[in-house]
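The values are calculated or read from the model by the stated rules, or taken from the named source; none is laboratory data. Just so we're clear, the structure is a prediction, and the values are computed from it rather than from any experiment. Cβ sites come from the backbone with ideal geometry, for glycine too, and all protein chains shown count toward neighbours. Keep in mind that these areas ignore ligands, DNA and RNA; they rest on the heavy atoms of the full protein, side chains included. Shrake-Rupley method; radii C 1.70, N 1.55, O 1.52, S 1.80 Å.
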Amino acid sequence: MTRTSAEKELELPPGTAPAVILVEPQLAENIGMTARAMANFGLSDLRLVNPKNGWPKKGVREAASGATHVLDGAHIFASVEEAVADLHCVFATTARERGQMKRVFAPDEAMADFVGREGQRCGILFGRERVGLTNDEVSLADAIITFPVSPDFPSLNLAQAVLLVGYEWRKASGRARLPFSGEMLSPPATREAMVALFANLEAALDVAGFYPPEKRGGITRNMRDMLHRMALNEQDVRTFQGALRAISRAMKS
């Protein structure tokens, strides 16, 4: 059976992608949306520390919008210490200064650091929806990740924070390839095609009485320059020519 690219990506060597550790998450919606954000960027190691009101939660799979493989593989732990026990490097996310002598990274810098730790298991701690991580929990981390948000409104939703970190990990790991490109599907128009378009357009405008006689030359040259700046491809020229033919038929009827 042929595996999809998403399935193959889930088989990354242990430690290649960081673990996402949610400490005492409360809302099913946040856990589900976190799973969705993780799946968006190829993360799958979800660890839940003492989720409020038990696990699994009603509505969590719906909030994941199809990222159920992340939820199905989630591990539950009773404490942060147990959740990070197998990790070699842990960063803690926080929106406020903690008075602890730790390195502070933006998400892109943190994920570049993770990618450089070949063979090491890394994880990211995310705190409770309302109060974040305690100082004792932050003290278990090697460094801090914080976000360059507006000081007027620094609060991030839990899943949003995971999304930002996941995006930066994907970029840092070299996996951030766009799913499609915007290259032209039709080759550039030839000079012959452009000259034919000029002739038909100018003829139609003559019939419509568009040109003041004394300004025709200048207006014609300006319109040709305008069409050149549009860098038309062959399909564009065919579309223009079809439109001109339709206008010409309407004017004759």
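Data table
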{"read-out": "Built amide H within the under 5 Å cut-off of Phe105, gap 5+", "value": "Ile144, Ile145, Thr146"}
{"read-out": "Size of the stretch 13-69 as Cα extents on the principal axes (Å, biggest first)", "value": "33, 23, 13"}
{"read-out": "Gain upon complete extension [Glu234, Glu82; 0.36 nm per residue less C-alpha separation]", "value": "48.4 nm"}
{"read-out": "By accessible area with a 1.4 Å probe, ligands and nucleic acids excluded, highest first: order of Phe180, Phe147, Phe126", "value": "Phe180, Phe147, Phe126"}
{"read-out": "5 angstrom amide H check on Asn233, placed H, neighbours 5+ away", "value": "Ala189"}
{"read-out": "Calculated from backbone phi, Karplus (6.51, -1.76, 1.60) coupling profile of the stretch 46-62 in Hz, x at Gly/Pro", "value": "9, 10, 10, 9, 6, x, 5, 6, x, 8, x, 9, 5, x, 5, 5, 5"}
{"read-out": "Helix-only mean residue ellipticity at 222 nm for the chain, each DSSP H run of n ≥ 4 adding -39500 (n - 2.57), per residue, nearest 500", "value": "-12500 deg cm²/dmol"}
{"read-out": "Semi-axes of the equivalent ellipsoid for the stretch 141-250, Cα gyration tensor, largest first, Å", "value": "54, 19, 13"}
{"read-out": "Largest-first ordering by accessible area, 1.4 Å probe, given options Thr68, Thr239", "value": "Thr239, Thr68"}
{"read-out": "Using θ = phi - 60° and Karplus 6.51 cos²θ - 1.76 cosθ + 1.60, couplings along the stretch 176-182 (whole Hz; Gly, Pro as x)", "value": "7, 9, 5, x, 7, 10, x"}
{"read-out": "The chain: relative contact order in percent, alpha carbon pairs under 8 Å with at least 6 residues between", "value": "20 percent"}
{"read-out": "Accessible-area composition of the stretch 47-148, carbon plus sulfur, in percent [1.4 Å probe]", "value": "49 percent"}
{"read-out": "Solvent-accessible area per residue, Å², over the chain with all protein chains present [probe radius 1.4 Å]", "value": "59 Å²"}
{"read-out": "Value of relative contact order over the stretch 60-178, rounded to a whole percent, pairs C-alpha under 8 Å and six or more apart", "value": "34 percent"}
{"read-out": "Cα-based Rg / Dmax (Å) for the chain", "value": "28.8, 86"}
{"read-out": "Where N is the number of residues in the stretch 73-210, Cα Rg divided by 2.2 N^0.38 Å", "value": "1.85"}
{"read-out": "GluC sites (Glu not before Pro) within the stretch 118-177: DSSP coil, no more than 12 neighbouring Cβ in 10 Å", "value": "Glu118"}
{"read-out": "Heavy-atom SASA rank of Lys57, Lys52 (probe 1.4 Å, accessible area, largest first)", "value": "Lys52, Lys57"}
{"read-out": "Cβ crowding within 10 Å averaged over residues, with 101-110, 226-235 ranked highest first", "value": "101-110, 226-235"}
{"read-out": "Nearest-ten-degree value, helix 28-40 long axis tilted from longest Cα axis of the chain", "value": "60 degrees"}
{"read-out": "In Å², nearest 10: area of Leu27 left accessible to a 1.4 Å probe", "value": "80 Å²"}
{"read-out": "Local electrostatic count at Pro151 - Lys and Arg +1, Asp and Glu -1, tallied over other residues with Cβ under 13 Å", "value": "-1"}
{"read-out": "For the stretch 143-202, convex hull volume per residue from C-alpha positions, Å³", "value": "219 Å³"}
{"read-out": "Rough spin-label spacing in nm, given labels placed 7 Å along Cα→Cβ, for Leu185 and His75", "value": "4.6 nm"}
